[in-house]
Each structure stands twice: as structure tokens, then as C-alpha cells.
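Here, each number is a calculation from the coordinates, and none is a lab measurement. Just so it is clear, the model here is predicted, and its values are computed rather than measured. With ideal geometry, Cβ positions are generated from the backbone for all residues, glycine too; neighbour counts draw on all protein chains shown.
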There are 2 protein chains.
Amino acid sequence: MHSPPLTLGILGGGQLARMTAQAAQRLGVRVAILDAAPGSPAAQVTPLEFVGRWQDAGAVRRFAAACDVVTLENEFIDAEVLAALEAEGKPVHPGAAAVARIQDKLVQKQVLARAQLAVAPFAPVAAAADALACGREFGYPFLLKARRDAYDGNGNRTVRAPEEVGPAMEALGYPARALYAERHVPFRAELATLVARGRDGDTRSYPLVESRQERHICKWVLAPARVDGRIRALAGELARAAAETVGAVGIVGVELFLGPEDAVLINELAPRPHNTGHYSIEACATSQFENHVRAVLGWPLGDPDLIVPAAAMVNLLGRREGPARLDDLPAALGRGRAKLHLYGKAESRVGRKLGHVTVVGDDADACLREALAVDAALTL
Amino acid sequence: MHSPPLTLGILGGGQLARMTAQAAQRLGVRVAILDAAPGSPAAQVTPLEFVGRWQDAGAVRRFAAACDVVTLENEFIDAEVLAALEAEGKPVHPGAAAVARIQDKLVQKQVLARAQLAVAPFAPVAAAADALACGREFGYPFLLKARRDAYDGNGNRTVRAPEEVGPAMEALGYPARALYAERHVPFRAELATLVARGRDGDTRSYPLVESRQERHICKWVLAPARVDGRIRALAGELARAAAETVGAVGIVGVELFLGPEDAVLINELAPRPHNTGHYSIEACATSQFENHVRAVLGWPLGDPDLIVPAAAMVNLLGRREGPARLDDLPAALGRGRAKLHLYGKAESRVGRKLGHVTVVGDDADACLREALAVDAALTL
């Protein structure tokens with residue numbers, strides 16, 4: 001590390017970049033943001049704003065020139081853009097190779113399966129005939145998924161019968177968009193965890209949490225998960241092995257299914273801080289954002305353990321279209337111990353993540369009730 | 001409150017403004033900074049930087065025009081500058097009247113004494129004869145203090161004998177600088193607390209903490225203070241009454257002496273977040289910075305209670321002159337659960353506050369040991 005202040009560049013300017021930026025700044029690190037839109041959530045918290053698309057090589061190069069290390073807030077940025085930066089000698093973490101193993105979800109599943117890590121059965125779908133073959137093999141319902149650029153369920157379709165294959169493929173953007181199929185897992189719970197992995201390969205595992213999705217969007221997270229020690233250990237080991245297998249540096253978000261007979265399967269990886277880890281800002285000795293920063297800068301990782309018995313995080317999702325309304329905010333703030341996080345998004349949309357609220361305490365259920373009450377009091 | 005995002009303006013761009021800015025941003029509030037120097041600690045965390053002195057009415061007006069509400073990070077800004085903004089209809093909190101009751105420390109003591117709140121005996125010093133009279137009345141040693149613009153002990157002198165009066169007055173800048181005298185309190189401990197006071201007069205009291213000064217600069221803070229319930233109640237009541245007496249909106253930092261026979265005296269007030277309250281970022285349900293923001297915006301105050309059994313905060317003070325060195329940072333970060341805060345100051349100076357470190361846990365002494373170990377590992 002050199003003595004003048006470091007500048008960390010983040011590709012993308014959404015809420016994950018915003019919270020990563022604030023963690024970096026607390027460590028005395030300056031932050032530069034590249035986003036296609038001016039005034040992005042992250043650009044509101046730093047003077048070093050670059051406006052441009054990651055597809056614009058010139059914009060990326062100008063941005064990177066201002067940064068000592070480059071990281072990213074989503075896995076949609078093509079790994080080749082990262083590889084080009086690496087070729088010019090710029091440290092990029094997670095690196096192009098790790099992102100390439102994750103950003104195409106079919107490749108991700110293949111990489112995990114090759115390492116004998118538990119995932120639901122899956123298969124490539126190059127044509128309708130492939131999907132119909134999956135229906136026969138996996139049974140109905142099964143899932144059709146976009147291989148890339150999917151988030152909050154917008155790249156998933158449940159196929160309940162052979163005649164739904166065509167419409168589902170079309171709805172997902174086939175043939176322009178490449179697809180794959182997955183067996184449906186009748187899960188008892190959705191679990192998640194985070195692994196921080198340093199440049200030196202050192203890892204730290206966050207607590208296992210429960211998450212609840214509504215309409216394919218994460219609605220709430222409870223920490224720690226209400227499962228027994230065996231499941232906890234299994235999930236922790238699976239997540240650590242997955243992070244090592246993809247070779248990512250930084251936070252790896254790991255979504256898991258708790259399936260029949262207490263089987264634990266990896267649902268999906270993300271090479272970055274993850275929505276299911278927001279609770280760590282208040283509830284852990286080192287937040288996921290701080291450990292992401294430490295990892296990508298090559299610094300030692302911090303303790304990820306809970307500093308409180310329990311925590312609940314509820315996403316504040318838009319319920320309307322139009323300018324975000326903050327009128328209810330003061331009233332919602334009057335409700336006890338909840339910690340509110342708003343992302344500075346000017347426009348609301350139904351289901352858009354506009355903020356989140358975290359409550360820490362002795363009892364996870366009580367925390368969740370309190371956080372949900374704040375959510376109910378707001379109509380952003 | 002109106003629906004477009006609010007902008008909070010902060011007069012001053014040091015670490016208190018920086019941490020206040022980050023708390024405001026978490027609530028979705030934008031932050032503008034006015035500081036005489038470009039690239040101040042707070043200007044590193046927002047794109048809305050205004051460079052200018054608070055003595056420059058035009059600069060203040062341009063800054064205020066960009067803000068919905070104006071607050072401040074120190075009490076050196078002349079109350080008349082705040083009064084001018086108020087006269088133009090700009091909400092300023094704390095307001096000119098409250099700041100005027102605090103920024104002149106002689107006036108502050110007079111206001112507190114008139115309200116029958118416990119302070120050490122004091123007297124104005126307009127000439128050397130007044131100081132000598134104080135020596136006779138208070139006994140030696142006694143304290144000579146600058147009435148304004150003093151911080152970290154730079155406006156205090158201990159006078160041990162009559163012949164020290166002249167040199168002490170000169171060292172403090174007399175006659176250009178107005179002075180007053182205070183009886184020396186042989187305190188057993190220095191205590192501190194914070195009161196958050198809303199625009200509606202609602203107050204919330206933070207835990208009582210112990211602080212340790214070295215060479216008149218706060219070195220560490222322990223929360224909660226290791227004193228009995230009677231002292232705790234006395235201090236809490238004194239602090240709340242003081243905040244109400246000065247009529248400040250926002251955080252009021254209250255430094256206290258625990259004197260002989262368990263007497264509790266007010267040492268000094270500050271109409272803003274205070275160094276002794278930095279521990280609240282990690283250790284309290286609502287940090288002092290968030291409650292300052294809530295208060296000045298007219299929002300309900302948050303719960304100030306500890307969410308952990310104990311916390312220790314150690315200031316990271318410069319030990320050398322020259323560019324701040326961050327070389328030791330990675331090694332220091334390897335030390336357990338400490339939460340490091342660096343303020344982005346490019347230049348180190350002996351005694352300059354460059355950052356702080358907070359450790360939370362079950363045992364206050366263990367927290368303090370851990371935080372001091374991080375401090376010892378750094379030579380910023």
C-alpha cells in the first residue's frame with residue numbers, strides 16, 4: 001500500500017456501490033464511481049463521479065486512470081471489459097476470470113457441479129426441444145432461466161406443462177437471450193450467507209441467514225437462520241468451497257436452498273456484496289461492505305461475527321410509479337430502534353429497491369416485526 | 001417535509017461534518033459542505049462542495065441557497081452569521097441564539113450558573129488585576145481560559161502562582177483575545193454525555209461515558225461510565241437541563257467533572273456532535289450523528305441506548321508532522337474486531353485528530369485494551 005490516499009473505483013453506481021463507498025470512506029479510502037446515469041445513488045456520496053457506460057471502452061479507461069483498484073457492484077459487466085483493464089495492469093477484483101465463472105449462470109452451475117458442490121440438476125437449452133427434454137427428465141414444474149443479466153426474478157420462468165415452454169422462452173427473450181433449465185427444488189426455506197475472500201485466498205464466513213422472497217424479490221432477511229448446527233455447518237462449508245472454486249476476491253454472496261430431507265443446495269452466487277448481507281452493517285463486527293473493500297485492496301479481513309444476538313432486514317420496495325415520496329419518513333422514524341437506509345433514488349417503481357431497514361436485538365422474530373412495521377408505515 | 005430529496009448544509013468540513021454527512025446520506029438526505037479549504041474531510045464524501053470562509057457573507061449565502069436546512073460542526077462560526085441566515089428565512093439549527101449562549105465560554109458559564117446548574121466558580125478577566133483577584137479567591141492553581149475559539153486545550157492555561165498570570169495571559173493572546181478565569185476542580189474522573197434535542201423540544205439522553213484527556217486532547221472514551229446509579233442520574237439530569245437552558249436543537253455534547261465528594265459539575269457544552277460520542281456509531285441504536293440530523297430536520301429522535309454491553313473509543317492522533325502515512329493500516333486492521341474510522345486528512349500534525357477506533361463487546365476494559373492496541377500499531 002502506498003502513502004497517498006488510495007482511490008477505489010466501483011463499476012456501477014447503485015445502492016451496493018453506495019454502501020461499499022461509505023465503508024471505504026470510513027477507512028480513509030476515496031471512491032470513484034462509473035455509472036451510465038448522472039447522480040446515481042453512489043455518485044451522491046462522492047465527488048469522484050464518472051458518467052459513462054461500461055460498454056464504452058474510453059469511458060472505462062478514463063475512470064480506471066483515476067483509481068488504484070477497480071471493483072464492481074454487479075456481475076453484468078462483461079468479463080472481457082475487466083480483462084482489458086487487467087491487461088493494462090490495473091488491479092481489478094473480483095477479476096475477469098472469476099466474474100466469467102459467475103456471470104453466465106449456466107457456466108456457474110457447470111463450474112460448481114464440476115467441483116462436486118450441490119446444485120439442482122440443470123441443462124443447457126439451445127432450442128425448444130431441449131426444454132421439452134428437461135421437462136421429461138426433471139418433471140413439471142421446472143424452471144427456465146436466462147443465462148445472463150437476470151436479477152430479482154426478471155430472468156426466471158416456471159414452466160408447468162409442455163405447452164408453456166414456447167411462451168416462457170419467448171418471455172425470457174429467446175432466441176436473442178441464451179437460456180438454461182433447472183429442476184424445481186421444493187425448498188423448505190431459502191438460506192443465504194456471505195464469504196469474504198482476500199487476495200491471498202484467506203476466507204471469512206458470515207452467519208447463515210434466512211431470506212424470504214416475494215414475487216422473486218428479497219423481502220426480508222433474518223439473522224441467524226433458525227436451523228440446526230448440522231445445516232449451518234453444511235451451508236458454511238458449501239459456501240466457502242464455492243467461493244474458492246470460482247476464485248473470486250471480495251464478498252461472494254451465496255444463495256442456498258434448504259431442500260427435502262435437510263439437503264442444502266447452492267441456488268446462485270454473486271461476486272459482490274449481496275442484498276441478504278445488508279444486516280451486517282449494524283449486526284456484525286465487520287460489515288460485508290467493509291470486508292469487500294478490505295479484500296479488494298489486499299488488506300486483512302475483519303471479523304464477520306454477529307455483535308448482537310439477532311437481526312432482521314426488510315427491503316423497502318417501491319409500491320408505486322413516479323417520483324419517490326419521502327413524506328412518510330418522519331412518521332416511520334418515530335418507530336423505535338429501526339435503522340433506516342435510503343438509497344437516494346429519485347424515482348419509485350413497483351418492486352424497486354429504494355432502501356432497507358435493519359433492527360437488531362435479542363429476538364429475531366421481534367426484530368422482524370419491528371422492521372416490517374416500519375416498512376408498512378412507508379409508501380415510498 | 002417536502003418530497004424531493006432534502007439537502008442539509010453543514011458549515012465546516014471536518015470529521016464531525018463528515019460523519020454527520022454519512023448519517024444524513026443513509027437517511028436519503030443530500031449534503032452540502034462549506035469549508036475554507038477545498039477537499040476537506042466532509043467534502044470527500046459528497047459532490048456538493050462549496051469552498052469559502054464563513055466570514056464571507058457572499059459565500060455563505062451561495063451555500064445556503066443550495067440547502068433546505070443549515071447546521072454546523074463547530075461553535076466558532078459567529079452567531080451573527082447564523083442570525084443573518086435566519087433573517088433571510090433559512091432554517092438554521094442550532095440557531096443563532098443558542099450558539100451565542102455557548103460560543104463565548106464566559107457567557108456559557110453565566111447562562112448555566114443563572115439556571116442554577118453546577119459549574120466551577122468562574123469570573124471575567126478584563127485585566128491582570130482581575131486574574132490576580134481570582135488567584136486570591138479561587139486559590140492556586142486556577143485556570144485562565146480564552147472565551148472563544150478554543151479547542152483541544154489550546155485556549156487554556158493553568159496558573160500556579162501570581163507571577164504566572166502575565167505570561168499565561170500573553171500566551172492565550174491577551175489583550176486581542178478576551179479571557180476568563182475558573183477555579184481548578186480536582187476531579188476524580190472526566191465524564192461526558194450527549195443530549196439530542198428536537199425542534200419541538202423533545203430530548204433523548206445518551207449513556208454517561210468516561211473520557212480521558214492527554215495533553216488536553218481526548219484520548220479515549222469508555223461507555224458506559226464505571227460510576228454508580230446516583231452519579232449517572234445526576235449527570236443525566238444536569239445535561240438535559242443544560243441542553244434545555246441553552247435551547248439548542250441537535251446534539252449537545254456535555255463534558256462533566258466528577259469532583260470531590262461525588263459532586264458532578266458541567267465543564268463545557270458544545271452545540272454539535274462531540275468527540276466523546278463517536279462510540280455511538282457502532283454502540284447505540286441511533287448514533288449521535290443520526291440524531292443530530294433528525295433533530296435539525298425536525299424529524300423524530302431515535303433511541304440513544306446502547307445495543308451492546310460496552311464500547312471503547314480511542315482517538316488516532318498524529319504523532320509526526322508531514323503527509324499522513326497509511327502504511328501501517330493493513331497491519332492494524334489485522335487486529336480483531338476494531339472498527340477503524342479515518343477522516344481523509346492528508347497532513348499529519350502532532351496531536352491532530354486523524355481518525356478513531358471503536359471496539360464493542362461485553363467488557364469495557366477489554367474493549368479499551370483492544371482499541372489501544374490498534375492505536376499503538378499505527379503511526380499516522
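Tabulated results
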| read-out | value |
| --- | --- |
| Ordering of B:42-51, B:347-356 by packing [mean C-beta count within 10 Å, highest first] | B:42-51, B:347-356 |
| Cα shape, segment B:113-185, gyration tensor, a/c 1.5 rule | oblate |
| Alpha-carbon spread of segment B:43-159, three principal axes, descending order, Å | 54, 30, 24 |
| Shielding by other protein chains, A:283-293, mean Cβ within 10 Å | 2 |
| Antiparallel bridges, percent of DSSP beta bridges restricted to segment A:151-281 (to nearest 5) | 100 |
| 7 Å along Cα→Cβ, label-point gaps from A:P167 to other copies, nm, shortest first | 9.4 |
| Residues of type lysines that B:K145 reaches as a straight line, Cα spacing below 19 Å, ignoring anything fewer than 8 places off in the same chain | B:K105, B:K109 |
| nm² value of the averaged projected area, convex hull over the Cα atoms of the protein assembly as shown | 32.7 |
| Sequence of A:L8, B:L27 once ranked by neighbouring C-beta atoms within 10 Å, starting from the fewest | B:L27, A:L8 |
| Nonlocal amide H pairs with B:R199, under 5 Å, H built at 1.01 Å | B:G298 |
| Tensor-based shape of chain A (alpha-carbon gyration tensor, a/c under 1.5 rounded, otherwise prolate or oblate) | rounded |
| Percent RCO, i.e. relative contact order, over segment A:283-380, from Cα pairs under 8 Å lying at least 6 residues apart | 35 |
| Order of B:L112, B:L340 - criterion: other Cβ atoms within 10 Å of each residue's Cβ, fewest first | B:L340, B:L112 |
| Inter-site label distance for B:D228 and B:A83 at 7 Å from Cα along Cβ, in nm | 4.7 |
| Relative contact order %, segment B:1-91, counting alpha carbon pairs below 8 Å whose residues are six or more apart | 32 |
| 3J(HN,Hα) from dihedral phi, segment B:56-69, Karplus parametrisation 6.51/-1.76/1.60, rounded to Hz, x for glycine, proline | 9, 4, x, 5, 5, 5, 4, 4, 5, 4, 8, 10, 7, 9 |
| Segment A:1-58 shape via C-alpha gyration tensor axes, a/c threshold 1.5 | oblate |
| Nonlocal amide H pairs with A:A32, under 5 Å, H built at 1.01 Å | A:L8, A:G9, A:I10 |
| Diffusion constant of segment B:264-380 at 25 °C, which comes from Stokes-Einstein with the Kirkwood Cα-pair radius and 0.890 mPa s, µm²/s | 159 |
| Net dipole in debye of chain A [+1 Lys, Arg Cβ; -1 Asp, Glu Cβ; about Cα centre; nearest 20] | 340 |
| Proportion of all alpha-carbon pairs of segment A:217-280 beyond 18 Å (%) | 38 |
| Given charges at Cβ of Lys, Arg, Asp, Glu: segment A:144-195 dipole, positive-most of A:V165, A:G153, A:L191 | A:L191 |
| Peptide-level mean, for A:326-339, of C-beta atoms on other protein chains within 10 Å | 5 |
| Ranked list, fewest to most other Cβ atoms within 10 Å of each Cβ, for A:W54, A:W299 | A:W54, A:W299 |
| Chain A: relative contact order in percent, alpha carbon pairs under 8 Å with at least 6 residues between | 13 |
| Segment A:147-208 pair-distance distribution - Cα-Cα, 5 Å bins, rounded % | 4, 12, 17, 16, 13, 13, 11, 8, 4, 1, 0 |
| Residue-wise HN-Hα coupling along segment A:111-128, computed from phi with Karplus coefficients 6.51, -1.76, 1.60 (Hz; x: Gly, Pro) | 5, 5, 5, 4, 7, 6, 9, 5, 9, 5, x, 8, 7, x, 10, 9, 7, 4 |
| Dipole-positive endmost among B:V264, B:V70, B:L222 within the protein assembly as shown (Cβ charges, Cα centre) | B:V70 |
| Rounded to the nearest 20 debye, dipole of segment A:1-157 from Cβ charges on Lys, Arg, Asp, Glu | 280 |
| Measure of compaction for segment A:303-364 (Cα Rg per 2.2 N^0.38 Å) | 1.30 |
| Inter-chain Cβ neighbour average for residues A:123-133, partner chain, 10 Å | 0 |
| Partners for A:K345 among lysines (Cα-Cα distance below 21 Å; same-chain residues under 8 apart left out) | A:K219, A:K353 |
| Hull shadow area, averaged, segment A:135-270 [alpha-carbon convex hull, nm²] | 9.1 |
| Dipole magnitude of segment A:203-329, debye to nearest 20 (Cβ charges: Lys/Arg +1, Asp/Glu -1, about Cα centre) | 200 |
